[in-house]
Amino acid sequence: MTDRVEDETATRIGIVGAGAAGVGAAYALRDADAAVTVVEKSGGVCGRAATRRKNGCRYDHGANYLKDADRRTEALLYELGDDGLAEIEEPVWTFDGDGEISPGDGRDSRKFTWTEGITQLAKRLLDRTDATVHRRTRIEAIEREVEGVAGGEWTLVDADGERHGPFDALLLTPPAPQTAALLRATEWEDDRLGQLVEAVEAVPYRTIRTVVLHYPFCESRPWYGLVDADREHAVGWLSREECKAGHVPDGESLLIAQMSPAWSEERYDDPLGDVADDVADRVARLLGDERYRDPDWVDDQGWRYALPDAAVDREATERVADAGLYVAGDWVVGEGRVPEALWNGHDVGERIAADLS
Ligand SMILES: Cc1cc2nc3c(=O)[nH]c(=O)nc-3n(C[C@H](O)[C@H](O)[C@H](O)COP(=O)(O)OP(=O)(O)OC[C@H]3O[C@@H](n4cnc5c(N)ncnc54)[C@H](O)[C@@H]3O)c2cc1C
């Protein structure tokens with residue numbers, strides 16, 4: 001991940017967003033004759049696959065782990081180096097609307113993170129590229145220059161008014177509503193733009209508020225995570241971060257409670273102090289143990305656009321590709337999973353290389 005030496009002949013590619021899709025694309029382009037620039041609004045990389053450090057603990061408070069559905073993800077993880085790769089051994093169990101816990105169906109796939117957190121995925125992928133990465137850079141507008149240039153060029157304008165580009169190809173990877181906002185702020189006189197905005201805006205999302213509960217004791221349990229199979233409980237997901245090597249000091253426990261979309265929408269803006277008691281109370285009832293009512297510290301994160309519930313209309317996204325405009329992300333596939341976003345970004349990266357060559 002270094003500043004690439006200016007190469008006048010290389011194709012210039014701009015990527016907005018350093019989540020799994022954006023870095024997947026940069027990784028796919030690592031051997032192409034291309035100067036790749038990634039712009040990311042946050043201070044860190046990996047987007048909704050996020051890790052935080054607090055009070056000696058490390059926890060993945062967005063995506064919990066990477067599940068290997070098709071073997072190629074697992075192969076890639078080992079390719080990125082198995083030092084610090086942490087497999088979660090304990091299974092995921094289920095509970096129902098009444099809080100009745102039962103073992104899962106045993107079809108659990110292998111689950112991975114890293115001792116240093118799930119953000120290692122983006123860090124390790126980017127380390128293997130020459131991409132220039134600008135963090136803390138929020139893109140607010142896009143310009144299209146056509147005159148005198150075969151095919152046209154794209155320029156990004158950030159929140160400080162600084163310009164990035166021009167790029168021969170532009171890849172947008174923020175969640176659909178944020179990509180739609182960028183497209184609305186795009187100067188490009190072309191009917192395809194309006195159709196694309198409409199298609200991207202139509203992607204529905206679920207909201208999740210993650211509440212983190214820490215305890216100065218640790219209980220041994222047969223599961224790593226519990227998922228609300230009926231989608232009726234206010235707690236949608238509960239997991240034990242201490243099952244991940246290197247995340248929680250011995251003798252402590254850190255629970256990740258991902259609240260249901262209904263609960264999360266209703267209480268999205270309530271102060272953490274107000275909601276933590278409610279969440280701890282629900283967790284204590286679910287686990288049948290009064291001690292969980294009293295965490296010694298708490299934390300939270302709201303994910304307004306947590307998970308897409310459908311895929312974008314691919315016809316609308318295909319129509320703009322010959323203008324050098326591309327999109328990638330979990331919402332393009334229609335499934336909120338890190339590997340889906342990663343491989344979609346990877347496929348689009350390969351496609352860009354092929355289209356431009
Ligand atoms: C609470 C929660 C739990 C989850 N659990 C799991 C799980 O256990 N396993 C799993 O596989 N998946 C899980 N997911 C889903 C998974 O996190 C996502 O599907 C995946 O991370 C999406 O990657 P992406 O690259 O498409 O988008 P993102 O990760 O959202 O990346 C987009 C990036 O664009 C940046 N960006 C946005 N706007 C701008 C702008 N204007 N300028 C510059 N940068 C911008 C963002 O900061 C972000 O880094 C979970 C998600 C949430 C929220």
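Under 6 Å between Cβ atoms, which residue pairs at least 6 apart in sequence (or on different chains) link something in the range 228-249 that is free of Cβ contacts under 8 Å to residues at least 60 places away in the same chain with a partner that is β-branched (Val, Ile, Thr) and not in a helix (DSSP H, G or I)?
As it stands, the answer is Glu242/Val248, since those pairs meet every condition given.
Failed condition for Pro91, given (1) in contact with a Cys (Cβ under 7 Å, 6 or more places away or on another chain); (2) open to solvent by 20 Å² or more (accessible area, probe 1.4 Å), with all others met?
Checking Pro91 against (1) in contact with a Cys (Cβ under 7 Å, 6 or more places away or on another chain); (2) open to solvent by 20 Å² or more (accessible area, probe 1.4 Å), the one that fails is (1).
Just to be sure I understand the filter: pairs with C-beta atoms under 6 Å, separated by 6 or more residues or on different chains, first member in the range 327-348 and near the ligand (Cβ under 6 Å from one of its atoms), second member part of a loop (DSSP other than H, G, I, E, B) and modelled with pLDDT of 95 or more. Which pairs pass?
These pairs meet every condition: Gly329/Thr173; Asp330/Gly336; Val338/Ala49; Val338/Ala63; Ala341/Gly329.
For the range 11-26, which positions are open to solvent by 10 Å² or more (accessible area, probe 1.4 Å) and either in the same structural domain as Gly246 (by TED's automatic domain parsing) or more than 12 Å from the ligand (Cβ to nearest atom) (or both)?
Scanning the range 11-26 gives Thr11, Arg12.
For the range 32-78, enumerate the residues that are modelled with pLDDT under 95 and out of contact with any strand residue (DSSP E or B) (no Cβ under 9 Å at 6 or more places or on another chain).
Ala69, Asp70, Arg71, Arg72, Ala75
With open to solvent by less than 40 Å² (accessible area, probe 1.4 Å) and at pLDDT below 95 as the only criterion, which of Gly99, Gly106, Gly117 stands out?
From the options Gly99, Gly106, Gly117, the qualifying one is Gly99.
Please count how many residues of the range 267-283 are in contact with a strand residue (DSSP E or B) (Cβ under 7 Å, 6 or more places away or on another chain), open to solvent by 30 Å² or more (accessible area, probe 1.4 Å) and not basic (Lys, Arg).
2
When the range 229-242 is examined, which residues are found to be closer than 19 Å to Val298 by Cα and either open to solvent by less than 10 Å² (accessible area, probe 1.4 Å) or of a type in the set (Gly, Ala, Ser) (or both)?
Ala234, Val235, Gly236, Leu238, Ser239, Glu241
Among the residues of the range 243-266, is any touching a Gly at 6+ places or on another chain (Cβ under 6 Å) and surrounded by fewer than 18 Cβ atoms within 10 Å (Cβ to Cβ)?
yes
Could you list all residues from the range 318-335 that are of a type outside the set (Asp, Glu) and buried (at least 22 other Cβ atoms within 10 Å of the Cβ)?
Gly324, Leu325, Tyr326, Val327, Ala328, Gly329, Trp331, Val332
Give me the strands (runs of 3 or more DSSP E) completely within the range 188-272, filtered to those with at least 3 residues that are within 26 Å of Asn55 (Cα to Cα) and touching a helix residue (DSSP H, G or I) at 6+ places or on another chain (Cβ under 9 Å), ordered by residue number.
205-215, 235-240, 253-259
Given the conditions (1) modelled with pLDDT of 95 or more; (2) open to solvent by 40 Å² or more (accessible area, probe 1.4 Å), which single one is not true for Gly148?
Gly148 satisfies all of (1) modelled with pLDDT of 95 or more; (2) open to solvent by 40 Å² or more (accessible area, probe 1.4 Å) except (1).
For the subset of the range 174-228 comprising residues that are away from the ligand (no atom under 16 Å from the Cβ) and of a type in the set (S, T, N, Q), which member is most open to solvent (accessible area, probe 1.4 Å)?
Ser220
The values are calculated or read from the model by the stated rules, or taken from the named source; none is laboratory data. Worth saying up front: this structure is predicted, and the values here are computed from it rather than measured. Virtual Cβ from ideal backbone geometry, glycine too; neighbours counted across all protein chains shown. Areas reflect the complete protein model, heavy atoms only, side chains present, ligands, DNA and RNA absent. Shrake-Rupley method; radii C 1.70, N 1.55, O 1.52, S 1.80 Å.
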